[in-house]
Amino acid sequence: MNNTESEIDAKAVVISIKDLKKSFGSLNVLNGVNLDIFQGENIAVLGRSGSGKSVLIKIIAGLLKPDSGSVKVLGQEVDKISAKDLQALRLKLGFSFQSSALYDSMTVRGNLEFPLVRNRRNLSKKEINEAIEGVLDDVGLLDAINQMPSELSGGQRKRIGIARTLILKPEIMLYDEPTAGLDPITCIDINNLIIQVQKQYNTSSIIITHDLTCAKTTANQVAVLLEGKFFITGSFEEVFSSENANIKSFHDYNFISGV
Amino acid sequence: MQPAINPLPEKKHVISKGIDGFFLDIYHVYKFIAQFFKEAFSGPTEIKEIVNQCYQIGSKSLALVSLTGLVTGIVFTTQSRPSLSVFGASSWLPSLVAIALIRALAPLVTALIVAGKVGSNIGAELGSMKVTEQIEAMEVSATNPFKFLVTTRIIATTLMMPILVLYTGFVGMMGSFLNVHQNELTSFKAFVKSALSSISFLDINASIFKAACFGFTIGVAGCYQGYNAQNGTQGVGRAANLAVVVSMYLIFIEEITIVQIVNAIR
């Protein structure tokens, strides 16, 4: 089970988004998004394809610039700080990409070693090896340490991608469609891993997903993005007790009626 | 502020779509080159990756450059002999081949080979990384992807091209010697003496400078096309193709320009 309310620090806001707007040409993707995420909280962001969910977390990670509004991560405005400060902030952020984005010219060891060696230059070879093996053990893929990404299954690549973010011990995790394209059994493994990461690393997370089972299992709060804004925010039960047609069809497609 | 990987801005057509697009592309290339110089002269330096890229470029090109240099030397010598023989000037073959190889053939032929082999590889590699979000993954893990991927490759191509050009020149001269020795029974000592007597420091320096320019062009073209690739696998293929085509056009323009400058100095 994910963190209970008592484990979430309601006073410590780790991500604060105020009136965020982003357009691509004439396409208004985000139309005034407001969201606060607290220390130790997992929040699932749901929405239709093209509703701006991935754009939202890329803005939080500083990969895209907002048109207007404020995005504060750990007290710093992401689009206003210097390059050096942004780089330091990113050490506290973990980003799990939908496609895993593993470096395909490096082995699993190389993928995990790359961010560690570049950002923790004072570590000895032994400490690096211990860190790599520790995080691979956490995701249950120690045996894959010398394999190339092309030799891994989709679920394995996803877990290695998560391991690569965990090696820097982030405070905030951003998951972009963590269960996309995976079979139900592997989805369960990924959901359990997200919960385990929250508990073991005491992270706060934003989980972008279409998978309501993932949202229900891993998230403390659910937010539904509609027409560029958060239409409704609350617990899974609160959100899906709504009579709104879009919300109902989202729920009914994921959970077959009567089952 | 670290430049975020934003999509290229929408083009507002002032004159026409084609002309506006051309000047917009020139502007983006200018910004790309400016960022290269900014990253290249700010620490920390990626020495290990630069050395790795130099090794990759050298090892990938060596076999083809060797063969091309050898064949160029042999063929040029063979084709030049009849014309010189008419005037009884066959003894000038080593000089003629040395001048042709060092001043023009070695830099140009080597650049075209490296543009095809290395330039396309860089375009495809970076393009593939771009469309699979590996560059973004590098950026969010607090690594500067431009410095690590682009700057290192451009520095490596700029450094390796002069070395490869000198090597091509050497191999070409060896090929020429084999041919001259077989036909005129010229000794190695006489061949080298004749060849070196016609080459000046200006020729060698101009050749090295030209090679460095070609290397820089190949690196920039390959990295620019790959780093800005879009639209999945089609974009990767386009990046690899454009890396070669653009490099080759620019290499020819640079060749003509530098030849004019060197001749004016001579």
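Which percent, to the nearest 5, of DSSP beta bridges fully inside the range A:5-254 are antiparallel? For the range A:5-254, the DSSP antiparallel bridge percentage is about 55.
Find the relative contact order for the range A:5-254 and round it to a whole percent, using C-alpha pairs within less than 8 Å whose residues are 6+ positions apart.
Values: 443 pairs, mean separation 64.6, N = 250.
Taking the mean separation of contacting Cα pairs over the length of the range A:5-254, I get 26 percent.
From least to most packed, judged by other beta carbons within 10 angstrom and beginning with the fewest, A:Met148, B:Met173 follow the order A:Met148, B:Met173.
The local environment of B:Ile199, defined by Cβ-Cβ distances under 12 Å, has a net charge of +1 under the rule Lys, Arg +1 and Asp, Glu -1.
Taking K and R as +1 and D and E as -1, what net charge do the other residues with C-beta under 10 Å from the C-beta of B:Val236 add up to?
Numbers: positive: B:Lys130, B:Arg238; negative: B:Glu125.
It works out to a net charge of +1.
Taking each residue of A:97-108 in turn, how many C-beta atoms of other protein chains fall within 10 Å of its C-beta, and what is the average?
Details: counts 6, 1, 5, 4, 10, 4, 5, 5, 4, 0, 0, 0.
The shielding value for this peptide is 4.
For the residues of A:59-65, the average number of beta carbons from a partner chain within 10 Å of their own beta carbon is 4.
Please check chain B for the longest run free of chymotrypsin sites (Phe, Trp or Tyr not before Pro) that are loop-located per DSSP (anything but H, G, I, E, B) and have at most 12 other Cβ atoms within 10 Å. Please list the in-between numbers first.
Details: sites that count: B:Phe41, B:Phe87.
Longest site-free region, per DSSP loop and neighbour criteria: B:88-266.
Count the DSSP beta bridges whose two residues both fall in the range A:145-259, then state the antiparallel fraction as a percent rounded to the nearest 5. The partial results should precede the final answer.
On the way: 5 of 10 bridges.
Rounded to the nearest five, the antiparallel share is 50 percent.
For A:Ser96, the residues whose modelled amide H falls within less than 5 Å of its own, excluding neighbours fewer than 5 places apart on the same chain, are A:Leu174, A:Tyr175, A:Asp176. Of all aspartates and glutamates in the structure, those lying under 20 Å Cα to Cα from A:Lys21, and not within fewer than 8 positions of it along the same chain, are A:Asp36, A:Asp67, A:Glu77, A:Asp79, A:Asp176, A:Glu227, B:Glu10.
For the range B:47-265, report the translational diffusion coefficient in µm²/s to the nearest whole number, using Stokes-Einstein at 25 °C, 0.890 mPa s, and a Kirkwood Rh over Cα pairs. Reported coefficient: 133 µm²/s.
Counting only residues at least eight positions apart within a chain, or on another chain, the lysines with an alpha carbon under 21 Å from that of A:Lys125 are A:Lys169, B:Lys48. Among A:Ile128, A:Ile43, A:Ile190, the largest mean-square fluctuation in a Gaussian network model of chain A (Cα springs under 10 Å) belongs to A:Ile128.
Please give the average number of partner chain Cβ atoms lying within 10 Å of the Cβ of each residue in B:129-137, rounded to a whole number.
Numbers: counts 4, 0, 1, 8, 10, 10, 2, 7, 14.
Mean shielding count: 6.
Relative to the longest principal axis of the Cα atoms of chain A, the long axis of helix A:125-138 makes an angle of roughly 40 degrees.
For chain B, calculate the relative contact order in percent as a whole number, restricting contacts to Cα pairs under 8 Å that are 6 or more residues apart.
Details: 334 pairs, mean separation 78.1, N = 266.
Relative contact order here is 29 percent.
Where a number appears in this text, it was derived from the coordinates with a stated rule and is not lab data. Because the structure is predicted, anything quoted here is derived from the model rather than measured. A quick note on method: Cβ atoms are made from the backbone with ideal geometry, for glycine too, and the neighbour counts reach across all protein chains shown.
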